[in-house]
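Just so it is clear, none of the values below were taken in a lab; they were calculated from the coordinates. Everything numeric here is computed off the predicted structure, so don't read it as measured data. FYI the Cβ positions are ideal-geometry reconstructions off the backbone, even for glycines, and counts take in every protein chain you see.
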Ligand SMILES: C[S@@+](CC[C@H](N)C(=O)[O-])C[C@H]1O[C@@H](n2cnc3c(N)ncnc32)[C@H](O)[C@@H]1O
């Protein structure tokens, strides 16, 4: 535990055991030069392996890449093959975790050489003298159009993953870039921020992205090893991330501590967190060293996510937003959103939860036991599986939801409950989804600030209409409005709403269009004009909120 008044600024102890060293600037520069020269980039590795072996590697399947990078495979043109063989040595060393000869490593990475890699803590020499990876070191990059602030090519170190080593993962395993990491990267709304917080930074993946649109990033973790990996990654990529290696702290502050302890009394415009949200059975007398720090926050059930939803708004500046991923328990007979909604009660926080997946206790247990390779020991597996089922049963949990969470501290709090939206979207959505979430938030704000009746609307470019009717029927039985981009929503339209949408060319106001439709479709004795207009106005508001209709420019 750290004293909130004096947060531990990480960086003064660069020699964290079992983590790469970031206090050897000359070796870091030599390593970066060598990796660049050997072509160790995302595209370089994809080019060496070919599409299918590269795709298999992304699924943690090493065999195709092992075959393609066999030294015997390089027997063609000497110049081309020398370059490919050098890259293959690096790929085999760090991505496939196959020990290499010292001579091959020295030839592939001639400036840093094996001796430098040993000093940096990235490799070790095994008993036979071969050079073996101590960590995973992989290229990672993103395109300039993803966040509007320039692309980047980096190298990121983390612990070797389950598929790269035998046995169960160490409990203080520092996670590499996984599916959840990239989900949060793609979900984050990227606009300029003065101060951003990455809570539970791990290898630093969220921080690298935040640095591209934030003046200053505070990255926290409960694990000193995680912060050491992040620091190493920042120093190795200092140039691309526009960091001054001699003054890292002017752009990044690394803080050791749990949850919000290291940033108490501070505020941020943006908080992102891929927290250790995995629900884990607790056992009597367990110690924190028994927990997989990368995924288990040490609390019962979904308490870590509940805690963050309740407390994160406290470190947001007015108008600031937090985005995180999480799991939530769904008790028998309850709707999935009941628990998340209860976490917000009385908070005044605006919220948007999107449930992306829901699984039963069995599948949940299998997924997370496999994740840490706990299935390799039959007895351990049986006991751990049973413990998961017992734990969920003790709280009458029928299913577990996973999804993304957006929170905002209102700029001008209003009396009453703040708006909260809960929706389930389990089909594939466009990625990165962040820009579309940003547009949705802007539309909701626009609706809040404008009188819809006076607005002029147009149909968004990605929207199409689909009509279904029985053969010979006079009118369609079903009219669907489909969105091609973003959350790819489908909306079932009433006849009057379909008529409204088809007339939305920006010419007439919403009020005028609704009036025309009331005149056209109304008139009968049981026609309630006020209810018709109010209902249609509300439906039109929903179409604007969801991006089917947009205010005319
Ligand atoms: C799922 S990993 C996410 C790592 C990285 N941010 C990403 O997106 O891949 C969760 C991280 O939270 C850290 N962590 C675990 N418990 C924590 C706590 N109580 N407070 C802060 N960080 C914690 C872990 O050490 C780990 O690095």
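Among 459, 478, which comes first, then next, by fewest other beta-carbon atoms within 10 Å?
478, 459
What whole number of Å gives the distance from the Cα centroid of the stretch 491-553 to the Cα centroid of the stretch 94-113?
If you average the Cα positions of each part, the centres end up 67 Å apart.
Compute the length gained on full extension between residue 516 and residue 427: take 0.36 nm times their separation in residues and subtract their Cα-Cα distance, giving the result in nm to one decimal. Numbers along the way, then the final one.
Working: separation 89, 0.36 × 89 = 32.04 nm, distance 3.70 nm.
The residue 516-residue 427 span can extend by a further 28.3 nm.
Please compute the contact order of the stretch 128-263 in relative form: average sequence separation of alpha-carbon pairs under 8 Å and at least six residues apart, divided by the residue count, as a percent.
Computed over the stretch 128-263, the figure is 20 percent.
Quick one: if you stick a label point 7 Å off each Cα along the C-beta vector at residue 72 and residue 15, how many nm between them?
4.5 nm
Can you give me the distance in nm between label points at residue 37 and residue 250, each placed 7 Å from the Cα along the Cα-to-Cβ direction?
Once both label points are built, they end up 3.0 nm from each other.
Hey, what's the Cα Rg ratio for the chain versus the globular rule of thumb, 2.2 N^0.38 Å?
1.11
What FRET efficiency comes out for the pair residue 482/residue 530, r = Cβ-Cβ distance, R0 = 41 Å, nearest 0.05? Please report the intermediate quantities before stating the final value.
Details: r = 31 Å, r/R0 = 0.76.
Result of the calculation: an efficiency of 0.85.
From the alpha carbon gyration tensor of the stretch 21-134, can you work out the equivalent ellipsoid semi-axes (sqrt of 5 times each eigenvalue) and give them in Å, largest to smallest?
So the equivalent ellipsoid measures 23, 15, 14 Å along its semi-axes.
Mind ranking 153-165, 491-503 by how tightly packed they are, going by the mean number of other C-beta atoms within 10 angstrom, highest first?
Top to bottom by mean Cβ count within 10 Å: 153-165, 491-503.
Using 0.36 nm per residue of separation minus the Cα-Cα distance, give me the extension gain between residue 395 and residue 239 in nm, one decimal.
Contour length minus the Cα-Cα distance gives 51.1 nm.
Mean residue ellipticity at 222 nm from the helices of the chain, using -39,500 (n - 2.57) per DSSP H segment of n ≥ 4 over the full residue count, to the nearest 500 deg cm²/dmol?
Details: 18 runs with 189 residues, N = 553.
One gets -10000 deg cm²/dmol as the mean residue ellipticity at 222 nm.
In whole percent, what relative contact order does the chain give with Cα contacts below 8 Å and a gap of six or more residues?
Relative CO of the chain lands at 11 percent.
What's the extension gain from residue 474 to residue 446 if we count 0.36 nm per residue and subtract their Cα-Cα distance?
So the chain would gain 6.2 nm between residue 474 and residue 446.
For the residues 52, 258, what sequence is obtained by ranking on other C-beta atoms within 10 Å, fewest first? Before the final figure, lay out the partial values.
On the way: 52 10, 258 16.
Lowest to highest Cβ neighbour count: 52, 258.
How much FRET efficiency would the formula 1/(1 + (r/R0)^6) give for residue 383 and residue 542, where r is the Cβ-Cβ distance and R0 is 51 Å, rounded to 0.05?
Computed FRET efficiency for residue 383 and residue 542 comes out at 0.55.
Cα centroids of the stretch 268-337 and the stretch 188-231: how far apart, whole angstrom?
18 Å
Got the relative contact order for the stretch 446-551 handy, in percent, Cα pairs under 8 Å and 6 or more residues apart?
Relative contact order here is 34 percent.
I need the calculated FRET efficiency for the pair residue 132 and residue 376, taking r as the beta carbon distance and R₀ as 22 Å, to the nearest 0.05.
0.60
Taking the simple approach of a point 7 Å from Cα along Cα-to-Cβ for both residue 362 and residue 124, what is their distance in nm?
The answer from the label model is 4.1 nm.
Taking other Cβ within 10 Å of each residue's Cβ, how do 34, 383 sort, fewest first?
383, 34
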